[in-house]
Structures are given as C-alpha cells and as structure tokens.
Amino acid sequence: MNVVVLPPDNDGKQINNVPRLGYRSMSFHRAEGDQYMLTYLLRTSEGVYSPIDRAEGSDRTFPEYIGGSTAQYWFLQQNMQYPEKAAEKEVSGTVLVAYTVEPDGSVSDPHIFLGSKPLLNDEAIRLVALTDGKWIPATRNGENIADEKVIPVTFRLDDEMQTVV
C-alpha cells in the first residue's frame with residue numbers, strides 16, 4: 001500500500017488521479033505544531049480517492065493468506081524456480097507484486113508494483129498467481145469484497161545454489 005503525503009496547504013481536499021494506489025490508502029498531513037493527522041482514503045468506482053471515517057472501516061477486514069504470512073512465505077520459497085539467467089548472473093533482490101484478492105479468494109491481475117531486477121519479475125508474478133484460491137478474502141459489513149494487496153517476493157542466492165549453477 002502506498003502512503004500519500006499531502007502538501008501542508010491541502011486542507012483536506014479530495015485527491016484525484018493519484019497514480020498506482022490500491023483500493024485503499026492513507027494520507028498524513030500536519031495539523032498543528034508537531035501533531036499530524038492520518039486520513040484513510042478509499043477509491044470510488046470513478047477512481048477518486050476520498051476520505052472515509054474510521055468508523056466506516058471498523059468492521060472491515062483485509063485479505064489474509066490461509067495459514068498466515070509464515071505459510072505464505074514458505075509456499076513462495078517451496079515453489080520458487082530461480083530464473084536460470086538470474087542465477088548465472090548472481091542476481092538477487094526483492095520484487096513487490098500487486099494483485100487483487102477476489103471475493104472468492106482467487107487472485108487476479110498480478111503485476112509488478114516495484115521490480116528490483118527485470119530478470120526476476122516474471123517468476124515473481126508466476127509465484128503470486130500460484131496462490132490463487134489460497135486466500136481468505138477481505139470483508140466489509142460481513143460480505144466478501146475484492147481488495148488489492150502488495151507482497152514482497154525475495155530472491156536470494158545462497159552458497160549452495162551458487163555452486164550448483
């Protein structure tokens with residue numbers, strides 16, 4: 001999730017056309033002195049980011065991998081096929097992949113949010129696509145909803161892999 005930092009003169013105006021933000025976001029701005037205000041933003045169907053009340057989001061849950069983040073990490077590591085060219089060139093790094101967890105727990109539209117090295121991007125997208133159906137969807141007012149998520153996929157060459165290649 002991106003954090004939108006509003007300029008001090010924004011005065012709580014709506015934010016329109018903010019690029020590459022997810023379904024929800026936050027903004028911080030200085031209230032007075034050393035105090036800062038946190039505003040939750042929600043993207044409408046028209047693509048406009050508007051402030052929402054904290055109370056509106058109080059019964060909202062976010063997508064969760066079945067088994068938790070540890071299970072998700074192990075799933076990604078067990079299914080990773082380190083790209084051969086990346087291994088040959090000893091390329092490692094972390095790729096942030098954005099995608100939508102649909103109301104049925106499926107994954108749609110995995111895409112690179114922030115790529116570390118181009119040689120790793122395709123494998124990161126493939127790994128996230130493999131998590132299809134392994135998600136507890138987000139809810140609002142007790143109903144499943146689609147929600148965007150961003151996760152890191154870390155590629156690390158250890159000594160053992162470097163000697164095999």
Compute the separation of the alpha-carbon centres of the stretch 74-114 and the stretch 115-137 and state it in Å as a whole number.
3
Using label points projected 7 Å from each Cα along Cα→Cβ, tell me how many nm separate I145 and F62, to one decimal.
1.4
In nm, what is the difference between 0.36 nm times the number of residues separating D158 and E88 and their Cα-Cα distance?
23.9 nm
Per 0.36 nm of contour for each residue apart, how much would the distance between I136 and W74 grow if the chain were fully extended, relative to their Cα-Cα spacing?
20.6 nm
Accessible-area ranking of V150, V101, largest first, probe 1.4 Å:
V150, V101
Can you pull the accessible area of D104 for me, 1.4 Å probe, Å² to the nearest 10?
120
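The values are calculated or read from the model by the stated rules, or taken from the named source; none is laboratory data. Please read all numbers here as calculations on a predicted model, not as lab measurements. Ideal geometry is used to build each Cβ from the backbone, glycine not excepted, and the neighbour counts take in all protein chains shown. These accessible areas exclude ligands, DNA and RNA; they are computed on the full protein's heavy atoms, side chains included. Shrake-Rupley method; radii C 1.70, N 1.55, O 1.52, S 1.80 Å.
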